[in-house]
Amino acid sequence: MGGVDPSGGIEAAKRAAACQAVDDFVADAAPGTIAAIGIGSGSTIVYAVERLAQLARSSRPDLRSCLYVPTSHQSRELIRQTGCLSLGDLTSCPCLDVAFDGADECDSSLNCIKGGGAAHLQEKIVASCADRFVVIADYRKDSPILGREWRSGVPLEVASTAYVPVMHRLDSIGSIRTVLRMGVRKAGPVVTDNGNFVVDADFGEIDDPAALDRRLHDIPGILETGLFVGLVDKAYFGQDDGTVSVRSRTL
């Protein structure tokens with residue numbers, strides 16, 4: 001007799017979190033009050049876009065007239081492939097009503113590490129443009145402190161000409177493992193949608209994400225960090241039993 005596929009439970013948890021978040025912020029909103037929505041990147045966002053399209057085709061046809069602003073090529077294609085959601089950009093809609101995104105890890109204060117998919121620069125820009133920034137994830141991403149569960153380091157978008165000096169500086173300020181992220185099924189480093197490299201710097205458990213974020217931004221050549229500090233308004237974590245745990249940022 002075959003064993004149970006654990007990925008099935010994880011995917012169900014992602015779907016549950018995405019559906020509840022979209023329902024709370026979009027389906028339950030009065031028609032015509034949502035004009036622009038930011039769409040993040042990653043595996044959980046697939047379910048959020050799926051739910052938005054389902055609503056647009058059924059109970060909420062007004063969602064067809066909304067603009068959906070992607071953070072990456074992946075999310076742009078997700079929106080386009082629905083056939084019913086309209087692509088937008090920050091030039092035409094610099095102010096978003098809500099943005100949905102995933103996370104690699106989220107701490108007890110709703111600070112996040114993001115960038116496993118190398119889209120964190122655009123993700124942070126879109127998050128900063130949203131009235132409400134909502135993270136959707138499964139239970140594995142919920143952690144009391146950043147760096148405890150996510151052990152791949154803080155993703156950093158780095159100018160391609162500066163990655164060597166940047167890596168030296170990272171080592172000097174306490175990174176215990178500094179790696180230029182390499183491509184999978186392609187020779188050479190990962191190149192972001194913006195044409196930059198990604199360096200992953202492991203600082204272990206991060207007691208003060210805001211202080212580390214400031215220190216990283218002081219290094220010339222680092223264009224953006226994967227530390228999302230004080231940006232998340234609400235987080236939805238799908239559990240393995242099908243329920244969803246919801247936390248709001250304390251102001």
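The values are calculated or read from the model by the stated rules, or taken from the named source; none is laboratory data. Please read these numbers as outputs of a predicted model, since none were measured by experiment. Heads up, the Cβs are rebuilt from the backbone with ideal geometry, glycines too, and the neighbour counts pull from every protein chain shown.
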Legend entry - Given (1) under 24 Å from Val134 (Cα atoms); (2) assigned to a loop (DSSP other than H, G, I, E, B), number of the condition Ser175 does not satisfy: (1)
Legend entry - Residue selected from the range 28-52 under the condition more than 16 Å from Leu78 (Cβ to Cβ) and among the aliphatic types (A, V, I, L, M), by the criterion farthest from the chain's Cα centre (by Cα): Ala30
Legend entry - the range 154-193, residues that are within 24 Å of Ser72 (Cβ to Cβ), exposed (fewer than 13 other Cβ atoms within 10 Å of the Cβ) and among the polar types (S, T, N, Q): Ser160, Thr161
Inset, instruction - Determine, yes or no, whether Gly221 is touching a helix residue (DSSP H, G or I) at 6+ places or on another chain (Cβ under 6 Å), among the small types (Gly, Ala, Ser) and either in contact (Cβ under 8 Å) with a residue 60 or more places away in the chain or not assigned by the TED database to the domain that holds Thr71 (or both). - result: yes
Inset, instruction - Could you pull out every one of the strands (runs of 3 or more DSSP E) wholly within the range 187-251 that has 3 or more residues that are farther than 17 Å from Trp150 by Cβ and over 18 Å from the mean Cα position of the chain (by Cα)? - result: none
Inset, instruction - Could you list all residues from the range 83-110 that are assigned to a strand (DSSP E or B) and crowded, with 17+ Cβ neighbours inside 10 Å? - result: Leu96, Val98, Ala99, Phe100, Asp101, Glu105, Cys106
Legend entry - Any chance Ile79 is farther than 26 Å from Gly195 by Cα and not in a loop (DSSP other than H, G, I, E, B): no
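Which of the residues that make up the range 194-218 are among the charged types (D, E, K, R), free of Cβ contacts under 8 Å to residues at least 24 places away in the same chain and exposed (fewer than 13 other Cβ atoms within 10 Å of the Cβ)?
Matches in the range 194-218: Asp208, Asp218.
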Inset, instruction - Please indicate, with yes or no, whether at least one residue in the range 154-166 is within 24 Å of Thr71 (Cα to Cα), under 18 Å from the mean Cα position of the chain (by Cα), modelled with pLDDT of 95 or more and part of a loop (DSSP other than H, G, I, E, B). - result: no
Inset, instruction - Please work out which residue is surrounded by the fewest Cβ atoms within 10 Å (Cβ to Cβ), limiting yourself to the range 123-141 and to residues that are in a helix (DSSP H, G or I) and out of contact with any Leu (no Cβ under 8 Å at 6 or more places or on another chain). - result: Arg140
Inset, instruction - Evaluate the range 167-178: report whether one residue or more is of a type in the set (D, E, K, R) and under 23 Å from Ile125 (Cα atoms). - result: no
Inset, instruction - Name, by its number, the condition in (1) farther than 14 Å from Leu227 by Cα; (2) touching a helix residue (DSSP H, G or I) at 6+ places or on another chain (Cβ under 7 Å) that does not hold for Asp142. - result: (2)
Inset, instruction - Give Arg57, Arg15 a once-over and let me know the one that is in contact with a Cys (Cβ under 9 Å, 6 or more places away or on another chain) and farther than 21 Å from Ile125 by Cα. - result: Arg57
Legend entry - Tally of residues being more than 23 Å from Glu205 (Cβ to Cβ) and free of Cβ contacts under 8 Å to residues at least 40 places away in the same chain across the range 130-159: 1
